[in-house]
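A short reminder: the numbers here are calculations on the coordinates, not readings from a lab. Keep in mind that this is a model prediction, so the values were computed, not measured. In this analysis, Cβ positions are derived from the backbone assuming ideal geometry, glycine residues included, and neighbour counts consider all displayed protein chains.
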Amino acid sequence: MNVEPDPNLTVYFGGQYMPLHEARVGILTHALHYGTGVFEGIRAHWDEAGQDLFLMRPLEHFERWKRNCGILRIEVPATTEQLCAIAVQLLRRNRLRTDVYIRPLAYKSAERVGVSPDDRDAFAMVALPFGEYLHSDMGLHATVSSWRRIEDNAIPARGKICGAYVNSALASDDARRAGFDEAILLNESGQVAEGSTSNIFMVRRGRLITPPVTENLLEGITRNSVMELAEREIGLTPFERPIDRSELYVADELFLTGTAVGIAPVVRVDHRPVKDATVGPVTSQLRHLYIEAVHGRLRDYGKWLVPVYRPGSESGWSANRPEHVHAA
Ligand SMILES: Cc1ncc(COP(=O)(O)O)c(C=O)c1O
């Protein structure tokens, strides 16, 4: 799903809140030419029954973002708690009472020509109303991309680095133009890495398997949440091991995980049905649990959430969340 935002949406840019149409960068901005930015993606889910919006693991997302910025030596001069406060403010100022996607972006901001970056950094944050990213209820038809996942020693996939998303864009564009819903990328060794904007899980012979984070993939926070739900709620210990391409064709179940996609079942790969081409039982259970958890309906997972409209949420998340779980 591509989202065209309202130009009057309030965004955070240059240390201020302002309308989106006023938040502009110059055409010589370093990140625009050389891809030297790092972004994040965070969800907030609207709970109609409880009339609140729940940010999903924002501290973990901002923590990941700041660490990934370090790869490019970009400094974000705010604590994870301060960033969380900005996210809450954006949601409140825009009076968002629907599912939302939050996009923080930090970048090399100098306006000049020359690839070597200097120390001029900037950051911005936008919160957009955002429904389903992929219509995946009936399951997706994925294809193994002919584009390989970018190598850690070229541009680290774990970094959520702007320039690296050319790799995802090429794979996703080719897949969609060929009539598929999504691309699955292999790494340079030919093992399964991940989807264009999601991690991948396979169920095979009763085991839940996902590639290890050293296979050139993003260390997904949804991946980590799903692993915890599988272990704790359905007693299925996740295994991290390389996955061969052909295992995708003989798997019992396959699904993708990500902030935007949630848990998206894959029922066909390259015109081959995954088992009987229906959404499998493990995928269904995990999907249900995940939806319940992110909407604040599972008590044990309240630790993941920040309620946006509850008074005090602009500063009270540490107290709300004694336990701090980090991604993979
Ligand atoms: C390439 C890639 N892999 C995996 C993911 C899933 O990560 P997360 O669950 O933290 O959103 C994303 C999310 O945007 C992604 O871009």
Legend entry - Residues SER196, SER284 arranged by fewest to most Cβ contacts within 10 Å: SER284, SER196
Legend entry - Backbone HN-Hα couplings from phi across region 233-239 [Karplus 6.51/-1.76/1.60, Hz, Gly and Pro as x]: 9, 10, x, 10, 6, x, 10
Legend entry - Contact order relative to length of region 140-294, as percent, for alpha carbon pairs under 8 angstrom and 6 or more apart: 23 percent
Inset, instruction - Please compute the net charge surrounding GLU75, taking Lys and Arg as +1 and Asp and Glu as -1 over other residues with Cβ under 13 Å from its Cβ. - result: +2
Legend entry - Sequence-distant lysines (8 or more away, or on other chains) whose Cα lies within less than 23 Å of LYS108: LYS66, LYS160
Legend entry - Within the chain, helix-based [θ] at 222 nm, where runs of 4 or more DSSP H residues each add -39,500 (n - 2.57), nearest 500: -7500 deg cm²/dmol
Inset, instruction - Run down the aspartates and glutamates and flag those whose C-alpha is under 16 Å from the C-alpha of LYS275, throwing out any fewer than 8 positions away in its chain. - result: GLU247, ASP252, GLU253
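Using the number of other C-beta atoms within 10 angstrom as an exposure proxy, rank TRP46, TRP147 with the fewest first. Walk me through the intermediate numbers first.
Values: TRP46 17, TRP147 20.
Sorted ascending by nearby Cβ count, the order is TRP46, TRP147.
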Legend entry - Least to most buried among MET56, MET125, MET138 (fewest other Cβ within 10 Å first): MET138, MET125, MET56
Legend entry - ARG97 versus ASP244: modelled label distance in nm, points set 7 Å from Cα along the beta carbon direction: 5.5 nm
Inset, instruction - Only Cα pairs under 8 Å and at least 6 apart count here; give the relative contact order of the chain as a rounded whole percent. - result: 19 percent
